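Worksheet for the structure shown next.
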Amino acid sequence: PPVGFIGLGIMGQGMARRLASSGQPLHVWTRGATAASALASEHPGAVTVAESPAAVVEACSRTYLMLSTPDACEEVYSMRRGVLEGVSDGKALIDCATLRPEDMAALAERVHERGGSFVEAPVSGSKAPAANGALIFMCAGDEETFRSAEAELAAMGKFTVFCGTTVGAASKMKLVVNLVMGTQLAALAEGLALASALGLSSEDVQAVLDGGAMASPMVALKGPMMAKREYPTAFPLKHALKDMRFALNLAEASDLPVSASATGLFAAADAAVPSLGDADFCAVMESARAAAATGSVR
């Protein structure tokens, strides 16, 4: 039987392609028709482009959603012939957005009111891992729905963590992960900016980082881009900033000065003219360079 997929943006395109390539029939909808048509052309007879989000949910027992922001989620859930109109007894939604835990719990409640089941499933990974089936899924919610989706999750990801039956738990996990990631990248940006200001070779700095305890896939991938000031978008900076702010709001009763400072560096890049918000999140390098140039980095 077909499954649904709503949202074919930077992440959703790769995820849906992984499902289609595994032999899974799909019904899809996205706000831009081009991506849906391209996916249907690549998999003739296996991908059906629906006229609305409700039509996807009505046609499938399980529907995945990958939408970019809380506003986008609210629009697609609540619009005329939106997601909620399609929900009825027996329908299951698996929402892969990164939202505030309370926002995800509110969506789950609205789905439950219409007789559906709900799993939150935010992911760790960006454009390339989505295309290569190497995402990490953090899931919480209806365990029966989660178990029924395990084969599909395996087609899109390299492993999955079930965080329990309380919706919001997986969102908390995702925000913690992205706060650590953003803070690490901000530190890398400041280090590379300082190295440049001191006249050190960025290639030598990269070699030392890659050969030591700081070695990681992110440092290896983003470091050379940052040194060259090239920021092809895999994970937009504005979305990284959103996630870090959400995480800090979860921890507002705590003192997290390092993470708060890193978030400020991302905010400065997002506010730059022209805005770097749509560039990859490694464009935080521009804030670090500006700070170094004005003497803020010593």
Seminar exercise, completed: The answer for the net charge of residues other than Leu8 whose Cβ lies under 14 angstrom from its Cβ, with Lys and Arg +1 and Asp and Glu -1, is +3
Seminar exercise, completed: Descending packing, highest mean Cβ count within 10 Å first, for 182-188, 199-205, 20-26 is 182-188, 20-26, 199-205
Seminar exercise, completed: Here FRET efficiency (C-beta to C-beta, Glu113 to Asp278, R₀ 41 Å, nearest 0.05) is 0.70
Exercise. Classify region 80-217: rounded, prolate or oblate, from the alpha-carbon gyration tensor (a ≥ b ≥ c, eigenvalue square roots; a/c under 1.5 rounded; otherwise prolate if a/b is larger than b/c)?
Worked result: prolate
Problem set entry | Dipole magnitude of the chain, debye to nearest 20 (Cβ charges: Lys/Arg +1, Asp/Glu -1, about Cα centre) | 460 debye
Exercise. Leaving out same-chain residues fewer than 8 places away, which lysines sit with a Cα under 16 Å from that of Lys127?
Worked result: Lys158, Lys222, Lys238
For this session: Give the whole-number value, in cubic angstrom per residue, of the convex hull volume spanned by the C-alpha atoms of region 139-281.
Result: 141 Å³
Exercise. Under a 1.4 Å probe, what is the accessible area of region 13-164 per residue, stated in Å²?
Worked result: 41 Å²
For this session: Please work out how much length the chain gains when fully extended from Glu102 to Glu51, using 0.36 nm per residue of separation minus the C-alpha to C-alpha distance, in nm with one decimal.
Result: 15.4 nm
Exercise. With each label point set 7 Å from Cα along the Cα-Cβ vector, what nm distance links Asp210 and Arg245?
Worked result: 3.5 nm
Problem set entry | Accessible area, probe 1.4 Å, largest first, for residues Glu286, Glu252, Glu85 | Glu252, Glu85, Glu286
Problem set entry | Cα gyration tensor shape of the chain, rounded if a/c is under 1.5, else prolate or oblate by comparing a/b with b/c | prolate
For this session: Count the DSSP beta bridges whose two residues both fall in the chain, then state the antiparallel fraction as a percent rounded to the nearest 5.
Result: 20 percent
For this session: Note down the net charge around Ser78, summing +1 for each Lys or Arg and -1 for each Asp or Glu among other residues with Cβ under 12 Å from its Cβ.
Result: -1
For this session: For region 1-148, state the semi-axes of the equivalent ellipsoid (square roots of 5 times the eigenvalues of the alpha-carbon gyration tensor), sorted largest first and rounded to whole angstrom.
Result: 21, 17, 15
Seminar exercise, completed: For Ala33 and Ser21, extending 7 Å from Cα along the Cα-Cβ vector and measuring point to point gives, in nm, a value of 2.8 nm
For this session: Roll a 1.4 angstrom probe over the protein heavy atoms and tell me the percent of accessible area of the chain that is carbon or sulfur.
Result: 55 percent
For this session: Please say if region 1-58 is rounded, prolate or oblate, where rounded means a/c under 1.5 for a ≥ b ≥ c the square roots of the C-alpha gyration tensor eigenvalues, and otherwise the choice is prolate for a/b larger than b/c and oblate otherwise?
Result: rounded
Exercise. How high is the relative contact order of the chain, given as a whole-number percent (alpha carbon pairs under 8 Å, six or more residues apart)?
Worked result: 14 percent
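The values are calculated or read from the model by the stated rules, or taken from the named source; none is laboratory data. Small disclaimer: the values here were computed from a predicted structure and weren't measured. When we count neighbours, we look across all protein chains shown, and the Cβ atoms used for this are built from the backbone with ideal geometry, even at glycine. SASA here: full protein model, heavy atoms, side chains in, ligands and nucleic acids out. Shrake-Rupley method; radii C 1.70, N 1.55, O 1.52, S 1.80 Å.
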